[in-house]
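Below you'll find the structure, written out as C-alpha cells, and then a few comments.
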Amino acid sequence: MSAHAIRPIAICVFRRNDSLFVFEGHDWVKGETFYRPLGGGIEFGEYGIQATAREIREEIGEEVANLRYLGTLENIFTCNGKPGHEIVQVYEGEFADRRMYERESMEGREDCGTPFKAMWKPLADFQRGHAPLYPDGLLQLLERDSPQRP
C-alpha cells in the first residue's frame, strides 16, 4: 500500500469487567508505548465484520463470537516517523473460548511474523491518561456505548 493511501481497518474490543484486551505497541521515534485493540486491514471484497474475525484468528489463533458494530473512526497519525491515515470500523465481541478471560497476557503475531504482546489493561489507565489508547476517539466511543452504571 502506498504511503499516502487511506487504509481501511477493523478492530475488536473485548471487555473483561473494567479491562480491555489490547496489544502493546511502541513508537520508537516519540519514545511512546501505546495500546490498541486487535484487528487489521480489511481486504478487497471483505466486510469489516469478516476482517475482524479473520484478523483475531490470524493474530492470536482465537475465534470471536457475538460481534457487534460500535462505530467508525477516522485516524490520522504519525507512528515511528511515518504518516498514516486509517478508516477504522470498531466492533465489540467476545472470545468463543472463555479461558481467554482468565489469561493475563499472551503473544500474538502480525501478518509479517513480528511478535507482539497482548494483554488485559484497565480502562481506568486510559481514562486517567496513564496510557494512550488508539485510535483517537476510541475511548469516547466506548464511554458513549457503555451502559449507565449507578
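Derivation of every value follows stated rules applied to the coordinates shown; laboratory data play no part. Note that the coordinates shown come from a computational prediction; the quantities given were computed from them, not determined experimentally. Reconstructed Cβ throughout: ideal geometry from the backbone, glycine too, with neighbour counts over all protein chains shown.
Structure data summary
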{"quantity": "Flag if GLU55 is of a type outside the set (Lys, Arg), within 15 Å of the chain's Cα centre (by Cα) and not in a strand (DSSP E or B)", "calculated": "yes"}
{"quantity": "Selected residue (criterion: surrounded by the most Cβ atoms within 10 Å (Cβ to Cβ)) from residues of the stretch 111-134 that are aromatic (Phe, Trp, Tyr) and closer than 18 Å to ARG15 by Cβ", "calculated": "TYR134"}
{"quantity": "Sole residue being touching a Cys at 6+ places or on another chain (Cβ under 8 Å) and within 14 Å of ILE11 (Cβ to Cβ), chosen from GLY108, GLY93, GLY137", "calculated": "GLY93"}
{"quantity": "Residue count for the stretch 91-142, restricted to those that are part of a strand (DSSP E or B) and polar (S, T, N, Q)", "calculated": "1"}
{"quantity": "Matching residues in the stretch 16-31 - criterion: being over 12 Å from ALA118 (Cα atoms), touching a residue at least 40 places away in the same chain (Cβ under 8 Å) and in contact with a strand residue (DSSP E or B) (Cβ under 7 Å, 6 or more places away or on another chain)", "calculated": "ARG16, ASP18, SER19, ASP27"}
{"quantity": "Those residues of the stretch 12-39 which are surrounded by 15 or more Cβ atoms within 10 Å (Cβ to Cβ) and among the aliphatic types (A, V, I, L, M), in sequence order", "calculated": "VAL13, LEU20, VAL22, LEU38"}
{"quantity": "Considering residues of the stretch 29-52 that are closer than 21 Å to PRO8 by Cβ and in a loop (DSSP other than H, G, I, E, B) only, the residue nearest to the chain's Cα centre (by Cα)", "calculated": "ILE42"}
{"quantity": "Subset of the stretch 88-107 [touching a Pro at 6+ places or on another chain (Cβ under 8 Å) and free of Cβ contacts under 8 Å to residues at least 60 places away in the same chain]", "calculated": "GLU107"}
{"quantity": "Boolean, GLU58 is in contact (Cβ under 8 Å) with a residue 40 or more places away in the chain, under 19 Å from ARG7 (Cβ atoms), of a type outside the set (Lys, Arg) and surrounded by 13 or more Cβ atoms within 10 Å (Cβ to Cβ)", "calculated": "yes"}
{"quantity": "Residue check, GLU74 under 20 Å from LEU139 (Cβ atoms), out of contact with any Phe, Trp or Tyr (no Cβ under 8 Å at 6 or more places or on another chain) and of a type in the set (Asp, Glu)", "calculated": "yes"}
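Okay, residues lined up against (1) surrounded by 15 or more Cβ atoms within 10 Å (Cβ to Cβ); (2) out of contact with any Ser or Thr (no Cβ under 6 Å at 6 or more places or on another chain); (3) closer than 23 Å to LEU139 by Cβ:
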| position | (1), (2), (3) |
| --- | --- |
| HIS4 | no, yes, no |
| ALA10 | yes, no, yes |
| LEU70 | yes, yes, yes |
| GLU92 | yes, yes, yes |
